[in-house]
Amino acid sequence: MTSHEVYGGRPWSDVLSSTSLLHTLGDLSDDTLDGRRVLVTADIDVARRQTSNETHFKIARLAETVECLLRRNAAVLVLGAQGGTSVRVLEPGNTQGMEWHRKALARALPDGPAVTRFDRLADLASADLAPGTVALLPNLAELSREDAGSPSGEHALDEAPLPTMLRGHFDVFVLDDFRSTVRALPSNVGLAAHKPCAVGLGLQGDLESLARLLARSRALRADGLRSRVCFIGSSRPEDVTVAHSLLTADVFDRIALGPMPSLTVYRDMGYALGAGPTADLESLVQTHRAVLAPSAVPGLASDHYDRLVLPTDFMVANRAGRGKARRVTPEGLGDLAEDDRIMSIGPETLKSFAEETRRAGLIFHFGMMSSGQRPFIAYTEAVIRTNLESTAEVYMAGDHILEIAHDIGLVSALRGRSTGAQTASSLLSGVQVPGLAPFRKIGADLEPGEGGRSGDSDGASPRPER
């Protein structure tokens, strides 16, 4: 095994666990589901376009799991969540949240039943949910949000507030939240405890898509004829760390960085940043609670500069996105005022990105290359169109850019997709998946010593009672 095949002491083949090691919906018997209440946790945060008639990709993904359960005569309770904890669920009465999701899910279910909402736990307790019905659970007032830190103690995850209060209201637990796989959460471990459980079709598809992506990356690296390119347009500060990991592990040959990640690299290279870009980066660090000093990833620019494709120009407007836009080069970043905001990559950068696409055999793209408003979103659309119309095998992650691919009529050209952009990139970077521990089959060792409850001799969770 070469050094390129190992990251963090583990082979890349082990980074993404095969779904054959997990309990899936196909492993649940008809008797287990027939007439039972099934609780499904789903990552369905607020949609980008509330007034759009297009099906939100996370809703469409969820609908596949719900429809499968309805066909098997279950009653489905959907716990709609957003955020990295998977339990930061949307507030009741939020018209841009749960009500939008209720209507969108009803539209996405073919010939399906009406989707109801329960805003109080008492209403759920007294409800007579017949098989074939669907209900949506917003952030019930009685349920407190789980903190970032997990409780300690052997039974603490079972006894966390959310599992404790909901356990008596469902019979089977299905995890369809991709983002919570990288953490051992009370919402995963506690809700799955002593219940039949499985991963949903959406989560299963996400994991299988990333496994195919890694397999194709290894195959293309072996023949060396066409490049493997990753487009990182997301705005999270830690994306530079992801880029560094992917290049170090030789998962990709080249990485094209969007506006915000590239600003971090340019700053590390000694370019001055004006008040506007500096404020934007500081805001992102605070928003995502990241710790990212100017030299947080010292090897990215110095060790991998020849493998980076940095923007050579940006489009700038005022912070409201109004007014005449202008083009600036990296040398002009230091002159930007506090009201200046980088709205997208520029036209020259589009050309250099397109040249990378032309030479690529494999492309992975996550994150926006622009703001989500006109006319700047056209730059993100252009990158996606060029990639999907190329001869490369294209994988994408993130519901926002998947919506764009759908809107321009090219989503069918994708070889694989997942809705969780940051989770997908983290898993490709070697992050483990302790959140899947409750769903692994007996003897399936996803990550030795990771994610299990204390008291388990092998670090694994006990098999749920069937």
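The values are calculated or read from the model by the stated rules, or taken from the named source; none is laboratory data. Only a predicted model underlies this, so the values are computations on that prediction, with no experimental measurement involved. In this analysis, Cβ positions are derived from the backbone assuming ideal geometry, glycine residues included, and neighbour counts consider all displayed protein chains.
Here are the numbers for the structure shown:
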{"read-out": "Enumeration of residues in region 148-193 that are at pLDDT 75 or above and under 16 Å from Ala424 (Cβ atoms)", "value": "Asp176, Asp177, Phe178, Arg179, Ser180, Thr181, Val182"}
{"read-out": "Candidate set from region 101-126 (those that are part of a loop (DSSP other than H, G, I, E, B) and small (Gly, Ala, Ser)); member that is surrounded by the fewest Cβ atoms within 10 Å (Cβ to Cβ)", "value": "Ala114"}
{"read-out": "Some residue of region 352-364 being assigned by TED's automatic domain parsing to the domain that holds Asp253, assigned to a helix (DSSP H, G or I) and among the β-branched types (Val, Ile, Thr)", "value": "yes"}
{"read-out": "Output for region 312-351, where each listed residue is surrounded by fewer than 22 Cβ atoms within 10 Å (Cβ to Cβ) and assigned to a helix (DSSP H, G or I)", "value": "Pro330, Glu331, Gly332, Gly334, Asp335, Pro347, Glu348, Leu350, Lys351"}
{"read-out": "Subset of region 194-250 [within 27 Å of Tyr305 (Cβ to Cβ), at pLDDT below 90 and in a loop (DSSP other than H, G, I, E, B)]", "value": "Gly224, Leu225, Ser234, Ser235, Arg236, Pro237, Glu238, Ala249, Asp250"}
{"read-out": "Residue list for region 361-396, restricted to those being in contact (Cβ under 8 Å) with a residue 40 or more places away in the chain and among the hydrophobic types (A, V, I, L, M, F, W, C)", "value": "Leu362, Ile363, Phe364, Phe366, Met368, Met369, Phe376, Val383, Ala392"}
